[in-house]
Amino acid sequence: MRKIIIDTDPGQDDAIAILLALASPEDIEVLGITAVAGNVPLALTEKNARIVCELAGRPDMPVYAGCDRPLAHRLVTAEHVHGKTGLDGPVLPDPTMPLQDGHAVDFIIDTVRNHPAGTVTLCPLGPLTNIASAINKAPDIIEKIQEIVLMGGAYFEVGNITPAAEFNIYVDPEAAEIVMKSGAKITILPLDVTHKALVTRARNDAFRDIGTPVGIAVAQMTDFFERFDKEKYGSAGAPLHDPTVIAYLINPDLFTGRYINVEIETQSALTRGMTVADWWRVTDRAPNAYFIGDLDADGFFDLLTQRLARL
Ligand code: RIB
Ligand code: CA
């Protein structure tokens, strides 16, 4: 059983990750959800997080708003991928559950401090601004965090927002550098693995065939956000980036990777946000992250579809 905080910028793939986590109570206890600016501005990511919680039948889930801009750059968003609401595809009602008072960064700090050391996992699914801000404000939490399991970066797949960088890292490379140098236990699910988790037509039909409001909404979400990757990469469907983080917590045997050194480019305008992953161990830089390169895609989608059918 993992106790987790999901830090997120919904985003259709973030939404599916949240649904998977909430559908898996025997594996995961979601202590709270913290929203960050990323795919769309913070006012929308916090609203979308609440929309998804209500879709899952969890209006009790604490949702906090966090940082509305990166540490050192202006915000770059991704409406071209996720639509102007960030959750285009299904028509879902506005949330009625409240946004929690207090800042997401303080919720992260307080939650890690108030649980026994090594029992809280942080699951960032967007830019790392909230996580880095929590580490900066309360360095004592680093040794108490069980693990940071994040979606971000790339090595063989290189960039999706620039030729060199993946979106989450590109938006806030300074935050990513703080996290990567923190000394916390880190597992990374980069584009190298998420681009192998594609929602083919058959897999989308399996979501829709669940026949519930959740199944139908998920099918509509992936129908919408597959356009970008199909057009850019000729992909067979939408890459389910963020749900791989939750699936890794539930069944890590679905994934393979290497414990390597990963550094973040923060100085160059050309390669800002590049994750310089020493996959071939050609440097003497100390390993600092378990970098996932592959998955059992059919096993992943079977797990995801089975769990979504529970909601
Ligand atoms: O590059 C993909 C990542 O950026 C995903 O987390 C997606 O939701 C966006 O945040
Ligand atoms: Ca995301």
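The values are calculated or read from the model by the stated rules, or taken from the named source; none is laboratory data. Everything quoted here is computed from the prediction, not taken from an experiment. Counting neighbours? That spans all protein chains shown, and the Cβs are built from the backbone with ideal geometry, glycine included. Remember, those area values only see protein heavy atoms, side chains included, never the ligands or the DNA or RNA. Shrake-Rupley method; radii C 1.70, N 1.55, O 1.52, S 1.80 Å.
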The percentage of the accessible area of region 85-229 (probe 1.4 Å, all protein chains present) made up of carbon and sulfur atoms, to the nearest whole number, is 54
Dipole check, region 1-74, charges on Cβ (K,R +1; D,E -1), about Cα centroid: among A49, I4, A21 the Cα furthest to the positive pole belongs to A49
Which of K3/K47; K185/K230; K84/K232 exceed 27 Å between C-alpha atoms? The answer is K185/K230
Residues of region 158-185 with backbone N under 14 Å of the label point set 7 Å from the Cα of L270 along Cα→Cβ are 163-165
In nanometres, the difference between 0.36 nm per residue of separation and the alpha-carbon distance of N251 and F156 is 31.8 nm
Under Stokes-Einstein, region 248-288 at 25 °C and 0.890 mPa s, with its Kirkwood radius over C-alpha pairs, diffuses with a coefficient in µm²/s of 204
For D140 and A117, extending 7 Å from Cα along the Cα-Cβ vector and measuring point to point gives, in nm, a value of 1.2
If the chain between Q306 and K3 were fully extended at 0.36 nm per residue, the gain over the current Cα-Cα distance would be 106.9 nm
So the FRET efficiency between E231 and D110, C-beta based with R0 = 35 Å and rounded to 0.05, is 0.20
Extension length gain for D296 and D205 (0.36 nm per residue less Cα distance), in nm, is 30.8 nm
Projected convex hull area of region 1-50, Cα atoms, direction-averaged, in nm², equals 3.0
For K196, the net charge from surrounding residues (Cβ-Cβ under 10 Å; K, R +1; D, E -1) works out to -4
Length-normalised contact order of region 206-311, Cα under 8 Å, at least 6 apart, in percent, tallies to 28
Protection proxy (average C-beta count within 10 Å per residue), highest first, orders 135-141, 97-103 as 135-141, 97-103
Env charge @ T266, Cβ radius under 12 Å, K,R +1 / D,E -1, value -3
Any DSSP H helix in the chain with Cα axial reach of 24 Å or more and mean Kyte-Doolittle score of at least 0.0? Listed by number, the hits are none
Note on the chain: the mean projected area of its alpha-carbon convex hull, in nm², is 14.1
Which of V218, V245, V91 fluctuates most in a GNM of the chain (C-alpha springs under 10 Å)? That residue is V91
Of 285-296, 202-213, ordering from highest average Cβ density within 10 Å down gives 285-296, 202-213
Total charge of the residues flanking A297 in space, meaning their Cβ is under 10 Å from its Cβ, with Lys and Arg +1 and Asp and Glu -1, is -2
The chain: relative contact order from alpha carbon pairs under 8 Å, six or more residues apart, as a whole percent, is 20
Quick calc: nm separation of the 7 Å Cα→Cβ label points for D88 and E54 -> 2.2
Taking R0 as 45 Å and r as the Cβ-Cβ distance between R258 and D101, the FRET efficiency 1/(1 + (r/R0)^6), rounded to the nearest 0.05, comes to 0.60
In Å², rounded to a whole number, the accessible area per residue of the chain with probe 1.4 Å is 37
